[in-house]
Amino acid sequence: MTKKQPAKNKLEFKPKQYIVYPAHGVGQVVTVEEQEVAGATIELFVVMFEKDKMTLRVPTHKAIAVGMRPISSPETVKKALEMLKGRARIKRTMWSRRAQEYEAKINSGNLLFVAEVVRDLFRSGGQPEQSYSERQLYEAALERMAREVGAVDKIKEEDAIALVEGTLVKAAAVSAAAAVAKAEAEAEAADAADAAETTTAA
């Protein structure tokens, strides 16, 4: 006689429901199945990651421990997109350490952390190009974010990528325009101060 595992601390997901698995991003629950292991019946979420052509079986009682969660709410997606408009926060540390931090954020399963990586590694037209490793991390974060945005907003991944990058480009343009306006204002103030000094000397 097999013993069924207790159902405490268990997340409830339904077939066809989209979820986020920290190390792999957005997947879809295909079904919930049971397997017998060492005389005990274990219930498993069968999760398909279509683009990666990968299927993962997660014990239902371990889903919380591994960080599996439902996809974000529309409010969280809106907050993540707003974060892209902020200034990049780049620590003055060695790239190897920053790369590890970025990778940890990408695999955290937290959409807001992923958005931070996308924002910090994005380069607009007037900025220095990304290094190869920066580009790899940026594309990984962009893809991870776009898949979840697409799943929440019910749009294609390529449309979600266009939405994310469009937000970044627009924010960069606004920031550049503000910087130009500030420089012009400072130049005008300096000219006015020079003119005032000349008049006084005369």
| said: Please list, in order along region 104-114, the HN-Hα scalar couplings obtained from phi with the Karplus expression 6.51 cos²θ - 1.76 cosθ + 1.60 (θ = phi - 60°), rounded to whole Hz, x for Gly and Pro. | reply: 5, 5, 4, 8, 6, x, 9, 4, 5, 5, 5
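Once a ≥ b ≥ c are taken as the square roots of the eigenvalues of the Cα gyration tensor of region 3-70, is the result rounded (a/c under 1.5), prolate (a/b larger than b/c) or oblate (a/b not larger than b/c)?
Details: a/c = 2.08, a/b = 1.64, b/c = 1.27.
Cα axes put region 3-70 in the prolate bin.
Which pairs in the list 51/156; 79/154; 91/156; 16/51 are over 22 Å apart, alpha-carbon to alpha-carbon? It would help to have the intermediate numbers written out before the result.
Details: 51/156 12 Å; 79/154 17 Å; 91/156 34 Å; 16/51 15 Å.
With Cα atoms farther than 22 Å apart: 91/156.
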| task | Please go through region 38-76 and write out the trypsin sites (Lys or Arg not before Pro) that DSSP classes as loop and that have at most 10 other C-beta atoms within 10 Å. | result | 53
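For a test of the definition: using alpha carbon positions, the gyration tensor, and the 1.5 limit on a/c, classify region 62-165 as rounded, prolate or oblate.
Values: a/c = 1.95, a/b = 1.29, b/c = 1.51.
Oblate shape, in that a/c is at least 1.5 and b/c is the bigger or equal ratio.
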| query | How do 64, 71 rank when sorted from fewest to most other Cβ atoms within 10 Å of their own Cβ? | reply | 64, 71
| remark: The long-range amide H neighbours of residue 42, using H built 1.01 Å from N in the peptide plane and a cut-off of under 5 Å, are 35, 36, 37
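In what sequence do 145, 48, 68, 94 fall when counting other Cβ within 10 Å, fewest first?
On the way: 145 29, 48 15, 68 23, 94 9.
In order of increasing Cβ crowding within 10 Å: 94, 48, 68, 145.
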| said: If every alpha-carbon in region 1-125 counts as one equal scatterer, what log10 I(q)/I(0) does Debye give at q = 0.10, 0.11, 0.16, 0.18 1/Å? | reply: -0.43, -0.50, -0.87, -1.00
| query | In what order do 75, 139 fall by count of nearby beta-carbon atoms within 10 Å, going from fewest to most? | reply | 75, 139
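Only the coordinates and a few stated rules stand behind these numbers; no lab work does. Because the structure is a prediction, the values reported are computed rather than measured. Cβ: placed from backbone, ideal geometry, glycine included. Neighbour counts: every protein chain shown.
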